[in-house]
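Here the structure comes first, spelled out in structure tokens, and everything after it is commentary.
Values quoted throughout were computed directly from the atomic coordinates according to the rules given, and no laboratory measurement underlies them. The structure presented is a predicted model; accordingly, all values stated were derived computationally and were not measured. Please note: Cβ atoms are built from the backbone with ideal geometry, for glycine as well, and neighbour counts cover all protein chains shown.
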Amino acid sequence: MRRVRVETWLAVTFFAAAAITSVWPDWIEAFGWDPDHGDGSAEWAFVAVFGVLAAVTGLLALRDRHRQAAHANV
């Protein structure tokens, strides 16, 4: 149960990070770090990475939840 909660929490966090970065891409530069020197490519790379991480952790949570349900029915 704890594993599913952690994976779900990570999926939600990564999704929120992707959403925030796509809406407000300059948040990275607000901390004084400008990895792409203003062209925006790093921000979209962050959106892609956060999106992939959200999908992967979400699918892991779903898989583990289904496994727990299957074991509970045995």
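Some notes on this structure:
- Chymotrypsin sites (Phe, Trp or Tyr not before Pro), loop per DSSP, at most 10 other Cβ atoms within 10 Å - longest free stretch of the chain: 34-74
- Estimated from helical segments only, the mean residue ellipticity of the chain at 222 nm is -27000 deg cm²/dmol, where each DSSP H run of four or more residues counts as -39500 (n - 2.57).
- Taking the C-alpha atoms only, the angle from helix 41-72 to the longest principal axis of the chain is near 10 degrees.
- The long axis of helix 2-23 is offset from the longest Cα principal axis of the chain by roughly 30 degrees.
- Simple Cβ-charge dipole of the range 2-72, Lys/Arg +1 and Asp/Glu -1, about Cα centre, in debye nearest 20: 900 debye
- Semi-axis lengths, largest first, of the ellipsoid equivalent to the chain are 34, 10, 7 Å, with √(5λ) applied to each eigenvalue of the Cα gyration tensor.
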